[in-house]
Amino acid sequence: MGGPILTKYLLTAAVAALFATPAAAADFAGPRVEARLTYDRATLEATLSDGFTTISNSDKDTGIGLGAEAGYDAQVGGNFVVGGYVGGDWSSAAFTSEVDGVRSRLELSRNLYVGVRAGAAVGPALLYAKGGYSRGRIKAVLDDGTDRVSDSTNRGGWHLGAGVEVGLGKAYVKGEYTHTEYNGSSFSDADFGIDAKLDAKRDQLTAAVGFRF
C-alpha cells in the first residue's frame, strides 16, 4: 500500500510546485531577424502651383507593405529589455489626381529606418516602445497625354511606435504600430510649368515573424 500512497503524495507535491512557481520569462536577448507584413495608411499634403493658380489638398491612401528587420536586444536587470534595430519596407500606397489636364501619381514606396526600443518582459511577452530615424522615397510622375516625366526624392524624418512580441522558443511573433513623419519635399518641372510641395506621413500596423539566434 505504501507505493500508491507515496505516488499520490509525489504527484500532489509536483502539482503544488507547478502552480506555486511563476512562469519563466522568455529570453529576449541576442541578435534577431524578422519578416514583416504591414497595413500602411499614408497621408500626403500637397500644394501645386503653375505660376497663376495655387491648389492645396490632402489625401489618404492605404496599401500593403512587405519588409524585413534585424536587431539586437539585451536583457538587463531580469525583465528590462533594450536594443537597436535596422530595417526597410516597401508599400503599395499611392496617390493619383488630375489638375488642368495633367495627371499626377505620387508613390510612397520605399522606407528605410533605424532606431532603438525598450520594454519589459512579462512571462512569454515583451511589451515595448520604439523610436528612431526614417528615410523614405517619394516618387512623382506627371503626364499630360503628350509628355511624361518622373522624379523622386529621399526625405528624412522620424518614427515612434509600440508593440508586443511573444517568444516561441527561438522564434517569435509580433504585432506593432508605428507613426512616421517625413520632412517636406518639393518638385518642379519646366516642361509642365508646375511646382509642387509635399508633406508626407504614414501610420503602419505590422505583423511579424522572426527568429532569435
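Overview of results
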{"read-out": "Residue count, the range 65-84 (criterion: part of a loop (DSSP other than H, G, I, E, B) and either more than 13 Å from Leu127 (Cα to Cα) or open to solvent by less than 60 Å² (accessible area, probe 1.4 Å) (or both))", "value": "2"}
{"read-out": "Those residues of the range 110-126 which are open to solvent by less than 30 Å² (accessible area, probe 1.4 Å) and either within 20 Å of Ser91 (Cα to Cα) or assigned to a strand (DSSP E or B) (or both), in sequence order", "value": "Asn111, Tyr113, Gly115, Arg117, Gly119, Ala121, Ala125, Leu126"}
{"read-out": "Residues satisfying the stated conditions in the range 122-172, i.e. touching a Ser or Thr at 6+ places or on another chain (Cβ under 8 Å) and within 24 Å of Gly77 (Cα to Cα)", "value": "Lys130, Gly161, Gly163"}
{"read-out": "Subset of the range 153-181 (residues that are polar (S, T, N, Q) and surrounded by fewer than 16 Cβ atoms within 10 Å (Cβ to Cβ))", "value": "Thr153, Asn154"}
{"read-out": "Among (1) buried (at least 16 other Cβ atoms within 10 Å of the Cβ); (2) modelled with pLDDT of 95 or more, the one test that Ala129 misses", "value": "(1)"}
{"read-out": "Tally of residues being assigned to a strand (DSSP E or B) and surrounded by fewer than 16 Cβ atoms within 10 Å (Cβ to Cβ) across the range 132-152", "value": "6"}
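The values are calculated or read from the model by the stated rules, or taken from the named source; none is laboratory data. Note that the coordinates shown come from a computational prediction; the quantities given were computed from them, not determined experimentally. Don't worry about glycine lacking a Cβ; one is built from the backbone with ideal geometry, like all the others, and counts go over all protein chains shown. All accessible areas refer to the heavy atoms of the entire protein, side chains included, with ligands and DNA or RNA removed. Shrake-Rupley method; radii C 1.70, N 1.55, O 1.52, S 1.80 Å.
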